[in-house]
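Down below is the structure, laid out as C-alpha cells.
Every number in this text was worked out from the coordinates using simple rules, so none of it is lab data. Since the model is a prediction, treat every value here as computed from it, not as a measurement. Glycine gets a Cβ as well: all are built from the backbone with ideal geometry, and neighbour counts include every protein chain shown.
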Amino acid sequence: MFTLDGETGERKEKIIMYAVIETGGKQYRVQEGDVITVEKLNVEAGETVVFDKVLLMSDGKEVKVGAPYLNEAVTGSVVENGKGKKVIIFKYKAKKDYRKKQGHRQPYTMVKIEALGGAAPKKEAEVAEGKKVSASMKKDELIAFAKENNIEIDEKATKAVIIEAIEAAL
C-alpha cells in the first residue's frame with residue numbers, strides 16, 4: 001500500500017503489520033488499533049487478553065505462517081461485554097397449525113488490539129504434560145509410566161491402586 005507525501009507528492013510505502021488469530025472457533029484478521037467483536041470471553045472490561053492462537057503474522061515485508069499456530073501472541077484490552085441484536089427464529093409448517101417463535105441475543109466481547117507479536121505464554125498443561133496419569137490409561141501403560149519415573153509399585157495390584165501409588169509419588 002502506498003501513500004502520497006503532501007509536500008513533495010512522492011509515493012511512500014506504508015508498512016502494514018497484521019495477523020490472523022483464532023478465537024471462539026472463528027478467524028480474524030487484525031492490526032494494531034483494531035476493535036473486533038469476538039465470541040464471549042470470560043474477562044471483565046478493561047482487562048488484558050492474550051490471543052496465543054496466531055495462524056499468520058505479517059510485518060509488511062515478511063509473512064510467517066504457522067503449522068497450525070505460530071509461537072507468537074497478540075494482546076488486546078477488553079472494551080466491553082454485551083449482547084448482540086436480537087435474532088428471531090420462526091418455524092412454521094403449512095396446513096398443520098404449527099408455529100413456533102423464538103428469540104436469541106448472542107453474547108459478545110469487544111476487544112481493542114494493542115500489540116502484535118511477542119512470545120506466546122507457555123500453558124501449564126504443556127509444562128506438566130509428562131506428569132499426567134488418568135484412569136483411561138491401560139494397566140501396562142501405568143506400569144511403564146511408573147518404571148520411567150522410578151516409582152515402586154506392585155505390578156499385580158489393581159489399576160486403581162497403581163494410579164493412587166503413582167499420584168502419591170508425584
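Summary of computed values
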{"read-out": "D_trans [Stokes-Einstein, Kirkwood Rh over alpha-carbon pairs] for the chain, 25 °C, 0.890 mPa s, µm² s⁻¹", "value": "115 µm²/s"}
{"read-out": "Separation in nanometres of the label points that stand 7 Å from Cα toward Cβ, at Thr37 and Ala144", "value": "5.1 nm"}
{"read-out": "FRET efficiency for Lys95 and Lys26, using Cβ-Cβ distance with R0 set to 35 Å, rounded to 0.05", "value": "0.30"}
{"read-out": "Given the chain, longest segment not containing exposed loop trypsin sites (Lys or Arg not before Pro) (DSSP; at most 13 other Cβ within 10 Å)", "value": "15-39"}
{"read-out": "The chain - mean residue ellipticity at 222 nm from DSSP helices (-39,500 (n - 2.57) per run, n ≥ 4, rounded to 500)", "value": "-4000 deg cm²/dmol"}
